[in-house]
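Student: Sending over a structure as structure tokens; questions will come in a sec.
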Amino acid sequence: MRQWVLRAWRGLCGAEPEPGPRWRVLFFGTDDFAAESLRALDAASEDLIRQFPYGVLNVHPSCLPRWRGPAPVIHTVLHGDTVTGVTIMQIRPKRFDVGPIIKQEKLAVPPHCTAMELEAILSKLGANLLLSVLKNLPESLENKREQPQEGVTFAPKITAAVSCIKWEEQTPEQILRLHRAIGTKFPLQTLWEGSPVRLLDFVEVHNNPDFADHLLNEDGTVPGFVLYHKPSQTLVVRCKEGWVGVKTVIKNKRLTAIDFYNGYLHPWFHRNSKQLLEDCRFQTLKLNTTTKASKRKEMVVNTVTH
């Protein structure tokens with residue numbers, strides 16, 4: 001967001017500066033950086049925070065109190081929200097994202113928008129909103145309001161474990177939203193013949209005329225079952241309540257759908273009987289994140305205490 005604030009600020013610099021106090025603005029950076037930084041700031045005493053005459057402001061990319069936490073943009077896309085926004089709020093000691101709202105603006109989430117695309121949109125909005133608050137800070141603070149008690153949701157930090165597709169449990173829409181939410185950071189993962197693979201470039205199958213094919217109406221197929229759809233050059237995978245399309249597979253190297261078919265599906269169908277065809281499928285990958293979580297917790301404690 002910093003780049004958008006600086007651009008907007010330079011745009012205002014053409015006018016004569018008005019007399020008044022100069023504000024110091026602290027940027028915490030990206031969501032990843034902010035998550036660790038805010039934990040360290042949590043150790044700061046209440047007296048220190050109260051040293052600032054106008055308090056500490058935070059630009060939060062959601063309409064608080066919805067999606068409090070370090071990953072609001074990801075959770076907005078992941079849960080299919082149609083409306084989001086930006087909140088300028090005042091930070092309270094020991095608890096972040098719960099302070100009073102100074103200014104808030106809503107916007108519609110573009111259809112099929114990824115988290116990265118939405119983040120860029122909200123960065124521009126947040127930069128302009130922050131500048132509008134800083135231009136008349138005392139008056140903005142006078143009009144602040146407490147966050148409502150209703151509608152509180154939390155946006156915890158996303159880990160790689162979330163990227164593992166659960167073919168038996170997730171619908172096509174849920175898988176597509178998961179891809180749009182975290183795919184650029186954590187490509188979705190699954191198992192093929194016991195080995196982890198990553199899936200990229202998901203496409204919608206339901207209500208798509210390119211997939212009006214009788215092969216996709218096989219109700220007897222098991223979740224994770226893979227077919228190659230030749231007309232669209234797409235892998236189609238059975239999941240809960242439907243099918244989802246995949247254009248790219250990463251297994252040691254990047255493979256198109258036709259590459260994966262020629263290298264893995266076509267030989268598989270030739271060497272196995274029809275009774276074993278249901279085994280020609282992706283299976284859910286389960287990651288062990290306990291060790292990584294413990295190391296991350298230890299690192300945060302050391303950061304705060306040293």
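The values are calculated or read from the model by the stated rules, or taken from the named source; none is laboratory data. Everything quoted here is computed from the prediction, not taken from an experiment. We place every Cβ from the backbone using ideal geometry, glycine too, and count neighbours over all the protein chains shown.
Student: For region 114-160, which residues satisfy the criterion of being among the charged types (D, E, K, R), in contact with a Pro (Cβ under 7 Å, 6 or more places away or on another chain) and part of a loop (DSSP other than H, G, I, E, B)?
Tutor: 144, 146, 157
Student: A further question on this structure: Of everything in region 161-195, what is closer than 29 Å to residue 87 by Cα, part of a loop (DSSP other than H, G, I, E, B) and of a type outside the set (A, V, I, L, M, F, W, C)? Give them in sequence order.
Tutor: 183, 184, 185
Student: Take region 219-239 and flag every residue that is charged (D, E, K, R) and in contact (Cβ under 8 Å) with a residue 24 or more places away in the chain.
Tutor: 238
Student: Please find, within region 117-131, the residue that is farthest from residue 184 (Cα to Cα) out of those that are without any contact (Cβ under 8 Å) to a residue 24 or more places away in the chain and either outside the structural domain of residue 77 (by TED's automatic domain parsing) or among the aliphatic types (A, V, I, L, M) (or both).
Tutor: First, the residues of region 117-131 that are without any contact (Cβ under 8 Å) to a residue 24 or more places away in the chain: 117, 120-121.
From the residues that got through so far, the ones that are either outside the structural domain of residue 77 (by TED's automatic domain parsing) or among the aliphatic types (A, V, I, L, M) (or both) too are 120-121.
Details: 120: 14, 121: 17 Å.
By that ranking, first place goes to 121.
Student: Does region 116-124 contain at least one residue that is within 30 Å of residue 204 (Cα to Cα) and in contact with a Cys (Cβ under 9 Å, 6 or more places away or on another chain)?
Tutor: Yes: one or more hits.
Student: For the structure I just gave you, tell me whether residue 99 is crowded, with 17+ Cβ neighbours inside 10 Å, among the small types (Gly, Ala, Ser) and either modelled with pLDDT of 95 or more or assigned to a helix (DSSP H, G or I) (or both).
Tutor: Judged against the criteria, residue 99 is not a match.
Student: Something else now. Regarding residue 134, is this residue among the aliphatic types (A, V, I, L, M), in contact with a Phe, Trp or Tyr (Cβ under 6 Å, 6 or more places away or on another chain), in the same structural domain as residue 62 (by TED's automatic domain parsing) and in contact (Cβ under 8 Å) with a residue 24 or more places away in the chain?
Tutor: It is true that residue 134 is among the aliphatic types (A, V, I, L, M), in contact with a Phe, Trp or Tyr (Cβ under 6 Å, 6 or more places away or on another chain), in the same structural domain as residue 62 (by TED's automatic domain parsing) and in contact (Cβ under 8 Å) with a residue 24 or more places away in the chain.
Student: Please enumerate the residues belonging to region 173-200 that are within 10 Å of the chain's Cα centre (by Cα) and polar (S, T, N, Q).
Tutor: Within region 173-200, just 184 meets the criteria.
Student: Let me ask something else. Can you tell me which residue is modelled with the lowest pLDDT among those in region 48-70 that are assigned to a loop (DSSP other than H, G, I, E, B) and surrounded by fewer than 15 Cβ atoms within 10 Å (Cβ to Cβ)?
Tutor: Quick first cut of region 48-70, residues assigned to a loop (DSSP other than H, G, I, E, B) only: 50-56, 61-67, 69-70.
Still in the running and surrounded by fewer than 15 Cβ atoms within 10 Å (Cβ to Cβ): 50-54.
Working: 50: 75, 51: 79, 52: 81, 53: 83, 54: 84.
Among those that are assigned to a loop (DSSP other than H, G, I, E, B) and surrounded by fewer than 15 Cβ atoms within 10 Å (Cβ to Cβ), it is 50.
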